[in-house]
Amino acid sequence: MKFTKKMALFAILRTMLFAGVFFVSVPLFAATANSNSQEEINFVQKLNSTLAKGSVDDALLLFENLPEKLQDDVDLRVLQASLLLSVGKTADADKIALALIQKEAKNIDVLLLNAMVAKQKKNTLKKNQYLSQILKIQPYNPDANIEMGNEQAVKRNYRSARDYYLKALKGDPNNIEALFGHGKMSYYLERDADSKKSFNKILSIDPNYAPAMAYLAKFEAEGRRFKKAIEYLNKAIELDPENSDYYFDLGNFNREAGKYDEAEKAWLKATELTPDYFLGYAYLAGLYDEQDKLDKAYDYYVKVVQKNPKYYYAYESIGMIAWQRRNWAEARKAFEGALNGRPDSTSYALMIAACYQQEKKIPECKKFTEKMMKGLDRNSFEYLSLRLFHDMTGESTLTLKIQNEESKKKKGKYLYYLALYWDIKGKLNLAHKYYSEVTEMKGADFFEFRLAEWAEKSDL
């Protein structure tokens with residue numbers, strides 16, 4: 001099948017409008033018997049040859065000597081403007097686009113060009129006005145529906161986005177962009193059968209479409225078919241080795257499969273590709289922490305907060321490891337960072353108070369606990385436990401309240417702080433008694449449980 005001038009134009013517009021990155025990848029096209037003149041045939045062939053070499057600037061130079069008979073050729077002018085956009089000459093493209101819309105206000109190509117210009121100028125309102133005009137003329141126009149779908153997807157209006165992609169598919173059932181958008185939205189909407197159908201159809205059209213493989217890998221992993229999931233991702237990585245998302249998922253699937261070394265390799269590669277993104281460091285820190293490689297875990301938790309100071313979970317882990325090392329000042333600073341992220345956390349406040357006590361900074365501890373106790377119910381766990389570290393006496397009320405508590409999690413958390421209170425006071429038998437009660441709670445999901453385990457393993 002030969003590409004006509006118009007078909008090439010559509011390809012350029014689609015690439016530029018939806019990629020959001022103005023780099024043109026143009027299929028070869030040839031003038032056909034439908035061309036208007038020999039001059040047009042010659043010009044299109046020259047343009048074809050130049051673009052085939054990947055030289056957009058040289059292609060634009062050809063338009064400067066456009067034969068007079070072709071000066072008003074709308075398709076060529078749209079193509080010229082599209083190429084101008086691809087090299088960042090938005091103002092020049094805009095002039096051509098506005099001139100064309102005045103002449104041919106209902107021309108789909110011209111409307112699409114103006115939408116493309118508006119998008120590059122970040123004028124969403126204007127872009128959507130042009131797209132709406134296209135949809136009034138062609139309700140199932142793939143390009144306009146895909147762009148509208150993309151916009152809704154960014155806003156997380158997944159159902160609305162899916163509907164636009166479905167309209168695009170009515171206009172072009174084999175449109176890969178529409179199929180992929182529909183597959184993603186169906187995935188988010190938990191319509192798994194529809195999602196898989198779209199991704200599999202993509203691969204029947206283009207067996208080397210890596211993003212579809214990555215989503216099919218997710219389905220395999222959700223079914224705990226990790227071998228197949230990893231196969232999909234390794235193939236996707238072969239096709240697109242610079243995509244860090246694939247390495248994040250590859251690490252997750254390997255970790256779930258118990259292949260920690262492979263998970264580590266994947267996440268190290270992810271951090272190499274995206275060195276300023278915190279998530280890869282967080283995954284690695286968690287992996288090392290899970291294996292009790294605390295020194296490595298600590299180093300990577302520090303990297304996490306360097307990249308993302310608002311990620312309070314990493315401060316929590318830094319505080320725990322520093323506490324285990326008996327570095328009270330460092331632990332306190334870390335828990336202060338965690339408390340900034342979650343100012344309602346009594347656990348972080350109590351750890352800060354305990355650190356002050358271990359540092360023998362009693363006035364600072366009292367000032368801090370007084371601040372944290374303000375406005376609390378005086379019979380609450382929060383108040384009583386903070387008061388305990390404020391006064392370092394009067395434990396009987398809290399002890400009785402803990403014994404009568406039915407919630408396993410709440411009881412376990414405050415048992416830990418009761419144990420810690422006795423630990424700081426040097427009453428090690430009592431401390432051991434309460435630490436043991438915490439560690440006997442199997443399946444506990446509060447961080448104090450691990451601190452209790454560490455305390456039990458240390459020399460009380």
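The values are calculated or read from the model by the stated rules, or taken from the named source; none is laboratory data. A quick note: this is a predicted structure, and the numbers were derived from the prediction, not measured. Don't worry about glycine lacking a Cβ; one is built from the backbone with ideal geometry, like all the others, and counts go over all protein chains shown. Areas reflect the complete protein model, heavy atoms only, side chains present, ligands, DNA and RNA absent. Shrake-Rupley method; radii C 1.70, N 1.55, O 1.52, S 1.80 Å.
Could you grab me the full set of residues in the stretch 292-302 that are out of contact with any Lys or Arg (no Cβ under 9 Å at 6 or more places or on another chain) and open to solvent by less than 60 Å² (accessible area, probe 1.4 Å)?
Within the stretch 292-302, ALA297, TYR300, TYR301, VAL302 meet the criteria.
What number of residues within the stretch 109-126 are charged (D, E, K, R) and open to solvent by less than 10 Å² (accessible area, probe 1.4 Å)?
Residues flagged as charged (D, E, K, R) and open to solvent by less than 10 Å² (accessible area, probe 1.4 Å) within the stretch 109-126 amount to 1.
Yes/no matrix, rows are residues, columns are (1) aliphatic (A, V, I, L, M); (2) within 22 Å of ASN128 (Cα to Cα):
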site	(1), (2)
ILE146	yes, yes
ARG162	no, yes
ASN174	no, no
ALA178	yes, yes
ARG191	no, no
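Results for (1) touching a Cys at 6+ places or on another chain (Cβ under 9 Å); (2) closer than 30 Å to PRO275 by Cα; (3) open to solvent by 60 Å² or more (accessible area, probe 1.4 Å), shown as yes or no for each residue.
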| residue | (1), (2), (3) |
| --- | --- |
| TYR312 | no, yes, no |
| TRP328 | yes, no, no |
| LYS333 | yes, yes, yes |
| LEU339 | no, yes, no |
| LYS360 | no, no, yes |
| PHE368 | no, no, no |
| LYS371 | no, no, yes |
| SER380 | no, no, no |
| LEU388 | no, no, no |
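Pairs under 6 Å by beta carbon, first residue more than 15 Å from GLN71 (Cβ to Cβ) in the stretch 39-50, partner surrounded by fewer than 16 Cβ atoms within 10 Å (Cβ to Cβ) and of a type outside the set (A, V, I, L, M), six or more apart or different chains?
Close Cβ pairs satisfying both conditions: THR50/ASP58.
Just need a number here: residues in the stretch 109-126 that are under 30 Å from the mean Cα position of the chain (by Cα) and in a helix (DSSP H, G or I).
Going through the stretch 109-126 one residue at a time, the tally reaches 10.
Limited to the stretch 337-367, what total is found for residues that are under 27 Å from the mean Cα position of the chain (by Cα) and farther than 15 Å from SER385 by Cα?
Qualifying residue count, the stretch 337-367: 7.
Which ranges mark the helices (runs of 4 or more DSSP H) fully within the stretch 1-108 that have 3 or more residues being open to solvent by 60 Å² or more (accessible area, probe 1.4 Å) and either farther than 30 Å from SER132 by Cα or at pLDDT 75 or above (or both)?
Where helices (runs of 4 or more DSSP H) fall fully within the stretch 1-108 and carry at least 3 residues being open to solvent by 60 Å² or more (accessible area, probe 1.4 Å) and either farther than 30 Å from SER132 by Cα or at pLDDT 75 or above (or both), they are 38-52, 56-64, 90-103.
Being of a type in the set (Ser, Thr, Tyr) and under 19 Å from LEU250 (Cα atoms) is the requirement here; does TYR215 meet it?
In short, yes.
Which condition does MET320 not pass, out of (1) under 28 Å from ILE352 (Cβ atoms); (2) in contact with a helix residue (DSSP H, G or I) (Cβ under 7 Å, 6 or more places away or on another chain); (3) without any contact (Cβ under 8 Å) to a residue 24 or more places away in the chain, if it passes all the others?
Of (1) under 28 Å from ILE352 (Cβ atoms); (2) in contact with a helix residue (DSSP H, G or I) (Cβ under 7 Å, 6 or more places away or on another chain); (3) without any contact (Cβ under 8 Å) to a residue 24 or more places away in the chain, only one is false for MET320: (3).
Find the helices (runs of 4 or more DSSP H) located wholly in the stretch 127-233 whose residues include 1 or more that are open to solvent by less than 20 Å² (accessible area, probe 1.4 Å) and either over 28 Å from LYS106 (Cβ atoms) or touching an Asp or Glu at 6+ places or on another chain (Cβ under 7 Å) (or both), and list them.
142-154, 176-188, 192-205, 210-222
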